[in-house]
Amino acid sequence: MALSNRLMTELPPLPFIDLKAQRARIGHQIDAAIARTVGHGQFIMGPEVAELESQIAAFCGVDHVVTCANGTDALILVLMAEDIGPGDAVFVPSFTFVATAEAVAARRATPVVVDVDHCSFNMDAASLSRAVGEAKRQGLTPRMVFAVDLFGQPADYDALGAVAAEHGLVLVADAAQSFGAERGGRTVGALARYTTTSFFPAKPLGCYGDGGAIMTNDPAGAAVLKSLRTHGQGRDKYENVRIGLNSRLDTIQAAVLIEKLKAFPGEIDARNEAAFRYDGLLSDVVETPRVANGARSVWAQYTVLLPQGADRESVRTRCQEMGVPTVVYYPIPIDAQPGYRDYPRDPDGCPNAALLATRVLSVPMHPDLDQDSQSRVAEALHLALGAG
Ligand SMILES: *Cc1c(COP(=O)(O)O)cnc(C)c1O
């Protein structure tokens with residue numbers, strides 16, 4: 001960590017997520033898989049789709065995997081499978097990507113916003129209890145919880161599951177950021193009744209476009225989801241037994257994912273090694289992320305908390321000048337979003353989410369991140385915070 005400020009500004013900027021480095025490792029296998037799909041020409045529900053689904057089932061230790069068009073549709077399909085709509089309350093964390101709440105609102109059900117824990121950034125079980133009470137007071141029927149595994153760390157499914165069981169709620173994991181993570185000896189996919197994920201390119205397991213999936217051990221639920229993703233089909237394509245969607249995963253994307261899944265366990269290890277190195281490089285100037293006992297993150301993001309009162313925008317600008325990109329995930333909690341602020345929430349508010357939104361900063365994280373690049377990130381952050 002001895003790079004001068006001047007030298008740093010002369011180096012080429014670092015990528016935030018380095019998909020080019022991944023292409024250099026496994027691009028030729030992926031391109032060959034795409035070419036095979038183009039060759040057989042079964043672009044919709046070709047053989048790679050079912051093959052990927054059974055590989056993901058084995059990887060996650062679940063019985064059923066239903067792929068779909070994206071992670072938002074995965075949430076919508078679960079709501080449709082459980083027949084959730086107007087008058088129903090679905091509990092969502094305040095600190096998440098908007099899609100978690102959007103899926104609920106899109107089905108004309110009511111997203112009820114829950115605060116998060118300030119250490120894990122994930123949904124807080126005590127706040128969930130209060131939010132259930134509020135939903136009932138407003139005459140809504142509490143039905144479902146969308147727990148989000150923010151930045152790659154699984155939520156506390158034991159604590160959330162206890163509240164869900166007490167109130168008869170279906171517990172769903174929005175694992176768009178945590179595919180491949182673990183908690184309590186189980187892999188994400190097996191931690192809730194339904195688990196949804198996304199294969200958007202920037203997610204830990206990303207394809208070359210949009211993609212998503214739902215994992216479950218419930219055979220009846222899986223059968224309904226399969227019907228829903230193909231226009232509510234019955235015995236065949238032209239018998240439609242329910243109102244569905246067109247939400248299939250493209251065969252080409254399944255082929256890409258089959259190749260990427262082979263490299264994924266090694267990538268998860270590399271992400272954890274990079275996170276460990278960041279912990280050592282950054283913990284003297286910022287609050288580094290904490291992972292719960294018995295949990296393993298996949299580090300969709302490495303997100304630090306800047307010191308209280310630090311001017312985040314000027315820190316970001318100074319880092320950018322030194323070629324170090326940063327992103328704020330997320331600047332506005334759901335309960336403060338213009339499109340969502342009229343929805344109910346924990347009657348005590350969501351103060352942890354509000355505070356996190358002002359202090360979080362995500363730094364470059366991907367499986368090809370090397371020690372030199374991380375030293376440069378650390379040096380930039382120290383200089384930008386005036387601690388260099
Ligand atoms: C990315 C993301 C989604 C949506 O996934 P898409 O594939 O982009 O639709 C949903 N929830 C969370 C928490 C996400 O990060």
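Values quoted throughout were computed directly from the atomic coordinates according to the rules given, and no laboratory measurement underlies them. What you see is a predicted model, and the numbers here were worked out from it, not measured in a lab. Don't worry about glycine lacking a Cβ; one is built from the backbone with ideal geometry, like all the others, and counts go over all protein chains shown.
Please list, ordered by first then second residue, the pairs with beta carbon atoms under 6 Å, 6 or more apart or interchain, first in the range 301-313 and closer than 12 Å to Tyr329 by Cβ, second in a strand (DSSP E or B) and not acidic (Asp, Glu).
If the second residue must be in a strand (DSSP E or B) and not acidic (Asp, Glu), the pairs left are Gln301/Ser362; Tyr302/Val363; Thr303/Val360; Thr303/Ser362; Val304/Leu361.
Are there any pairs with C-beta distances below 7 angstrom linking a residue in the range 235-251 that is under 26 Å from Asp210 (Cα atoms) to a residue that is outside any loop (DSSP other than H, G, I, E, B) and of a type in the set (Lys, Arg), with the two at least 6 apart or on different chains, and if so which?
Cβ pairs passing all conditions: Gly244/Arg229; Leu245/Arg229; Ser247/Arg229; Arg248/Arg229.
Working only within the range 152-170, note down all residues that are assigned to a strand (DSSP E or B) and over 20 Å from Ala101 (Cβ atoms).
Pass one, the range 152-170, residues assigned to a strand (DSSP E or B): 170.
Answer for the range 152-170, where residues must be assigned to a strand (DSSP E or B) and over 20 Å from Ala101 (Cβ atoms): there is none.
Please work out which one of (1) of a type in the set (Gly, Ala, Ser); (2) within 12 Å of the ligand (Cβ to nearest atom); (3) assigned to a loop (DSSP other than H, G, I, E, B); (4) in contact with a Pro (Cβ under 8 Å, 6 or more places away or on another chain) is the condition Ala173 fails and give its number.
(3)
In the range 344-380, what residues are small (Gly, Ala, Ser) and either crowded, with 18+ Cβ neighbours inside 10 Å or in a helix (DSSP H, G or I) (or both)? I'd like the intermediate steps shown before the answer.
Step one: of the range 344-380, the residues small (Gly, Ala, Ser) are 349, 353-354, 357, 362, 373, 375, 378, 380.
Correct list: Ala353, Ala354, Ala357, Ser362, Ser373, Ser375, Ala378, Ala380.
Could you grab me the full set of residues in the range 163-178 that are of a type in the set (D, E, K, R) and surrounded by fewer than 19 Cβ atoms within 10 Å (Cβ to Cβ)? Walk me through how you get there before you give the answer.
So in the range 163-178, the residues of a type in the set (D, E, K, R) come out as 166, 174.
Within the range 163-178, Glu166 is the sole residue that qualifies.
From the list Phe151, Phe146, exactly one residue is crowded, with 21+ Cβ neighbours inside 10 Å, farther than 20 Å from Gly85 by Cα and within 15 Å of the ligand (Cβ to nearest atom). Which is it? Break it down stepwise before answering.
Values: Phe146 fails: farther than 20 Å from Gly85 by Cα.
Criteria check complete, one pass: Phe151.
Out of curiosity, is Tyr278 assigned to a helix (DSSP H, G or I) and among the hydroxyl-bearing types (Ser, Thr, Tyr)? Spell out how you get there, then give the answer.
Working: assigned to a helix (DSSP H, G or I): yes; among the hydroxyl-bearing types (Ser, Thr, Tyr): yes.
It is true that Tyr278 is assigned to a helix (DSSP H, G or I) and among the hydroxyl-bearing types (Ser, Thr, Tyr).
Six or more apart or on different chains, Cβ atoms under 8 Å: show the pairs whose first residue is in the range 141-169 and closer than 17 Å to Thr195 by Cα and whose second is buried (at least 24 other Cβ atoms within 10 Å of the Cβ) and acidic (Asp, Glu).
Phe146/Asp174; Ala147/Asp174; Val148/Asp174; Asp149/Asp174; Ala155/Asp149
If you take the residues in the range 86-105 that are part of a strand (DSSP E or B) and within 12 Å of the ligand (Cβ to nearest atom), which one is surrounded by the most Cβ atoms within 10 Å (Cβ to Cβ)? Lay out the reasoning, then the answer.
Going through the range 86-105, the residues part of a strand (DSSP E or B) turn out to be 88-93.
Then drop every residue that is not within 12 Å of the ligand (Cβ to nearest atom), which leaves 92-93.
Details: Val92: 32, Pro93: 30.
So, considering only residues that are part of a strand (DSSP E or B) and within 12 Å of the ligand (Cβ to nearest atom), the one surrounded by the most Cβ atoms within 10 Å (Cβ to Cβ) is Val92.
Give the residues of the range 185-235 that are in a strand (DSSP E or B) and either within 15 Å of the ligand (Cβ to nearest atom) or out of contact with any Lys or Arg (no Cβ under 8 Å at 6 or more places or on another chain) (or both), sorted by residue number. Show your work before the answer.
Restricting attention to the range 185-235, the residues satisfying the condition of being in a strand (DSSP E or B) are 186-187, 194-198, 212-216, 230, 233.
Residues satisfying the conditions are Arg186, Thr187, Tyr194, Thr195, Thr196, Thr197, Ser198, Gly212, Ala213, Ile214, Met215, Gln233.
Kindly provide the set of residues from the range 269-298 that are among the polar types (S, T, N, Q) and closer than 22 Å to Leu191 by Cα, ordered by number.
Filtering the range 269-298 for residues among the polar types (S, T, N, Q) gives 272, 283, 288, 293, 297.
Those that are among the polar types (S, T, N, Q) and closer than 22 Å to Leu191 by Cα: Asn272, Asn293, Ser297.
In the range 49-67, what count of residues is obtained for those that are over 15 Å from Leu205 (Cβ atoms), in contact with a helix residue (DSSP H, G or I) (Cβ under 9 Å, 6 or more places away or on another chain) and not hydrophobic (A, V, I, L, M, F, W, C)?
The number of residues fulfilling the criteria is 3.
Residue by residue, here is whether (1) in a strand (DSSP E or B); (2) among the charged types (D, E, K, R); (3) within 19 Å of Val172 (Cβ to Cβ); (4) within 16 Å of the ligand (Cβ to nearest atom) holds:
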position: Ala32; (1), (2), (3), (4): no, no, no, no
position: Ala35; (1), (2), (3), (4): no, no, no, no
position: Val38; (1), (2), (3), (4): no, no, no, no
position: Val62; (1), (2), (3), (4): no, no, yes, no
position: Val65; (1), (2), (3), (4): yes, no, yes, yes
position: Ile76; (1), (2), (3), (4): no, no, yes, yes
position: Met80; (1), (2), (3), (4): no, no, yes, yes
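One residue is enough: does the range 216-226 have a residue meeting the conditions free of Cβ contacts under 8 Å to residues at least 24 places away in the same chain, out of contact with any His (no Cβ under 8 Å at 6 or more places or on another chain) and of a type in the set (A, V, I, L, M)? Lay out the reasoning, then the answer.
Residues of the range 216-226 free of Cβ contacts under 8 Å to residues at least 24 places away in the same chain: 220, 223.
Within this subset, residues satisfying the condition of being out of contact with any His (no Cβ under 8 Å at 6 or more places or on another chain) are 220, 223.
Right, trim to of a type in the set (A, V, I, L, M) and you get 220, 223.
Yes, the range 216-226 contains at least one residue that is free of Cβ contacts under 8 Å to residues at least 24 places away in the same chain, out of contact with any His (no Cβ under 8 Å at 6 or more places or on another chain) and of a type in the set (A, V, I, L, M).
Within the range 118-130, work out how many residues are surrounded by fewer than 21 Cβ atoms within 10 Å (Cβ to Cβ) and touching a residue at least 60 places away in the same chain (Cβ under 8 Å).
Selection size over the range 118-130: 3.
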